[in-house]
Amino acid sequence: MTFVVTEACIKCKYTDCVEVCPVDCFYEGENMLVIDPDQCIDCGVCEPECPIDAIKADTEACIEHWIEINAAFSKAWPNISSKKPPGAEALDWESIAAKREYFSAKPAAGS
Amino acid sequence: MWRPPQRIRFEPAPGRIPTIEEAARSRLFSPLAVGNVSLRQRTWVPAMVPWRATDDGFVTAEVIDWYARFAVGRPGAIVVEATGIRDVPSGPLLRIGHDRFVPGLQRLTAAVDEASGGHTKLFIQLIDFLAIRRRPERSKFLQQHLRITDLHRRALGDCNLGDGEVRTRLTTLDDSELARILSPQELQSLRFGHRERVTDMEIPHIRDLPAVVPPLFADAALRAKAAGFDGVELHFAHAYTMASFLSRTNTREDGYGGVREQRVRLPLEVLAAVRARVGPDYVVGCRYLADECIDGGSTLDDAMFFGVAFARANMDFISTSRGGKFDDAKQPNIGAAAYPYTGPSGYECMPQYISDERGPFGRNREPTAQIRRAIREAGFDTTLICSGGVHNFEMAEGLLADGTCDVVGAARQSLADPDWFLKISHGEGSAVRTCSYNNYCEALDQKHKPVTCQLWDREKLDVPGATLTEDGKRRLTAPPWQPSEDARPGVFAQTAKQPGSDP
């Protein structure tokens with residue numbers, strides 16, 4: 001088991017989680033974060049940090065898609081270990097549950 | 001970090017909380033003579049590396065704060081982290097391989113004495129380790145590190161190739177072809193980084209270890225005595241030099257390997273050298289493995305034999321651990337070094353809350369009980385210390401009641417709450433912060449970051465006097481604990497010998 005960043009992160013990307021990770025295993029895409037399952041130690045410290053509950057244990061139901069996204073894109077995107085200000089629209093996107101179609105495979109800008 | 005595939009989650013609980021009177025009558029809070037010193041209670045904080053020394057191995061203010069914070073909780077004893085006995089660079093690990101390290105260590109012993117009000121005995125763990133290199137880039141390894149031999153030329157089918165040509169050809173091979181040409185050891189160096197072993201007899205300084213190591217330990221022990229420590233703990237455990245001699249994987253043919261009588265020879269010679277240097281009255285103990293927990297490694301049977309041998313040689317205390325070997329460590333990333341707590345044996349050493357049927361609490365309990373029984377049956381009363389997932393009074397008292405050990409060690413629980421001994425003896429056991437065993441601390445250790453506990457490291461960051469990590473995100477020591485208002489101040493001075501002596 002590891003922890004997984006899920007759909008709710010898309011276009012919100014609050015980055016509170018990256019500050020607390022003892023192994024710095026978050027990676028940053030254009031509009032969401034992912035966790036590297038090979039580095040995550042399951043300590044669970046990040047889970048309650050997310051203001052929108054985007055971080056889930058990979059044992060939860062129906063998150064297979066996000067497990068794959070985390071595994072694949074953590075190898076492609078740049079590492080992030082310091083908090084950044086969220087985008088201007090983050091608050092607007094918080095309440096939107098279905099965001100899968102907005103997922104961007106691009107790495108974070110400037111990388 | 002490796003975890004058992006069963007992935008069963010365990011939740012540590014505070015257990016039954018004793019009253020002040022019950023705590024005062026308990027075994028845990030009763031005194032015990034260990035060699036020439038007397039512990040005021042049978043609680044023990046085992047060695048933990050907090051990554052706070054300077055890169056030159058000196059004591060810093062942060063090192064002193066770390067140990068003084070544990071001392072405020074007044075455990076029976078604290079063991080200072082693994083401290084290198086050689087005068088060689090070893091990163092931000094404490095060192096004791098030269099007299100210039102003594103003044104800093106002296107400040108440390110004085111600080112602990114002051115913070116504990118003279119209640120806590122302080123030992124220092126002495127360690128020797130062999131060289132380990134970072135995992136190299138494949139091309140760099142083949143172009144520079146690898147020593148080209150005729151075996152490589154033969155495998156490539158041309159005995160007249162120059163070294164440069166051999167390197168070039170090896171570089172073009174795919175991984176499976178390369179694996180057929182390199183020796184197992186060369187392949188290991190490529191995949192994990194080169195690591196010296198006690199069996200590398202072709203290397204002079206490895207061959208000479210039996211002559212070199214005893215005086216190094218003896219000199220270090222004498223410095224520890226000069227610095228004011230109450231005793232030394234010889235590091236005979238995990239992945240380091242002395243444990244490698246004890247290991248069944250030690251096949252040296254110079255009388256220091258092979259059968260266990262020969263594998264224990266150097267550790268006993270180290271003990272004898274230390275004893276000769278510090279005198280008969282100074283406390284000398286060791287930490288060693290009840291089980292190596294690797295294929296082909298030493299087992300409990302070996303450990304029982306070694307334990308009796310140590311007891312017979314007048315070891316004052318024996319502290320058990322398990323696992324923590326390089327042999328099954330995870331492959332490091334390129335540019336990083338292998339770490340002995342990343343494989344299944346590492347899990348045995350520091351098991352996490354995600355576990356197997358046996359769970360993470362007390363995995364060394366039964367083995368330690370058997371070692372202690374063997375030592376008692378041989379007629380020795382050597383002090384045994386058991387640790388591993390001990391996190392509440394009930395469990396600690398149980399270990400003493402059932403004869404597992406004489407003193408109870410708790411590393412992670414003491415990091416989570418350095419005051420837990422004090423709280424329990426104070427009748428405030430419900431205020432104990434119980435370790436979650438998520439191994440956040442161990443993850444920081446692996447990253448070589450200053451070790452802290454997730455349960456307190458972001459609390460009260462702005463309180464005056466709080467020292468923080470360089471990035472300002474985490475506090476370096478647990479916030480102070482204030483006893484509740486109705487607490488009786490005299491309890492702090494109360495020992496288990498004085499039950500009910502209310503002020």
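A short reminder: the numbers here are calculations on the coordinates, not readings from a lab. Computed from a prediction, not measured in an experiment: that's the story for all the values here. Quick reminder, even Gly has a Cβ in these numbers, built from the backbone with ideal geometry, and neighbours come from all protein chains shown.
Residue exposure proxy: B:154, B:373, ordered by other Cβ atoms within 10 angstrom of their Cβ from fewest to most, comes out as B:154, B:373. With a cut-off of 20 Å, note down the residues of region B:35-66 whose backbone N falls inside the zone around a label point 7 Å from the Cα of residue B:106 toward its beta carbon. Those under the cut-off are B:54, B:57-65.
With a threshold of 23 Å on the Cα-Cα distance, the over-threshold entries among A:13/A:99; A:13/A:106; B:225/B:325; A:56/B:330; A:106/B:140; A:13/B:449 are B:225/B:325; A:56/B:330; A:106/B:140; A:13/B:449. Tell me, what is the FRET efficiency for residue A:88 and residue B:333 to the nearest 0.05, using R0 = 45 angstrom and their Cβ-Cβ distance as r? It comes out at approximately 0.80.
With contacts taken as Cα pairs under 8 Å and at least 6 residues apart, region B:106-216 reaches a relative contact order of 30 percent. Bridging of residue B:423 to lysines at a Cα separation below 22 Å is possible for B:121, B:460, B:497, once same-chain residues fewer than 8 apart are set aside.
Were the residues from residue B:448 through residue B:54 laid out at 0.36 nm apart, the gain over their Cα-Cα distance would be 140.6 nm.
The order of the peptides A:50-63, A:26-39 by mean Cβ neighbours within 10 Å, most packed first, is A:26-39, A:50-63.
By the Cβ distance rule (another cysteine Cβ under 4.7 Å), the unpaired cysteines of chain B are B:159, B:286, B:293, B:349, B:435, B:441, B:453. Segment residue B:377..residue B:143, full-extension length gain: 78.4 nm, with 0.36 nm per residue of separation and the alpha-carbon distance subtracted.
Using the average count of surrounding beta-carbon atoms within 10 Å as a protection proxy, the listed peptides B:431-442, B:53-64, B:406-417, B:158-169 rank, highest first, as B:406-417, B:431-442, B:53-64, B:158-169.
Overall, the anisotropy analysis places chain A in the rounded class: the square-rooted eigenvalues a ≥ b ≥ c of its C-alpha gyration tensor yield a/c less than 1.5. Take every pair of alpha-carbon atoms less than 8 Å apart whose residues are at least six positions apart; their mean separation over the length of chain A yields a relative contact order of 43 percent. Considering only B:438, B:76, B:448, and ranking their Cα positions along the charge dipole of chain B that arises from unit charges at the beta-carbon of Lys, Arg, Asp and Glu, the one farthest toward the positive end is B:448. The length gained by stretching the chain between residue B:203 and residue B:466 to full extension, at 0.36 nm per residue less their Cα-Cα distance, is 89.8 nm. Would region B:288-431 count as rounded, prolate or oblate if I go by the C-alpha gyration tensor, calling it rounded below 1.5 in a/c and otherwise prolate when a/b exceeds b/c, oblate otherwise? Oblate is the answer for region B:288-431, as a/c is 1.5 or above yet b/c matches or exceeds a/b. Please state the shape class of the protein assembly as shown: rounded when a/c is under 1.5, otherwise prolate if a/b exceeds b/c and oblate if not, all from the C-alpha gyration tensor. Because a/c hits 1.5 or more and a/b fails to exceed b/c, the protein assembly as shown counts as oblate. In chain B, the DSSP beta bridges split such that about 20 percent are antiparallel, to the nearest 5.
Taking amide hydrogens as placed 1.01 Å from N in the peptide plane, the amide H of residue B:9 sits under 5 Å from those of B:355, each at least 5 positions away in sequence or on another chain. Take each residue in B:452-459, count the other chain C-beta atoms within 10 Å of its C-beta, and the mean is 1. When both bridge partners sit in the protein assembly as shown, DSSP labels roughly 35% of those beta bridges antiparallel. Residues in region B:457-467 carry Karplus couplings, in order, of 6, 10, 8, 6, 5, 9, 5, x, x, 6, 9 Hz; the curve used is 6.51 cos²θ - 1.76 cosθ + 1.60 with θ = phi - 60°, and Gly or Pro positions show x.
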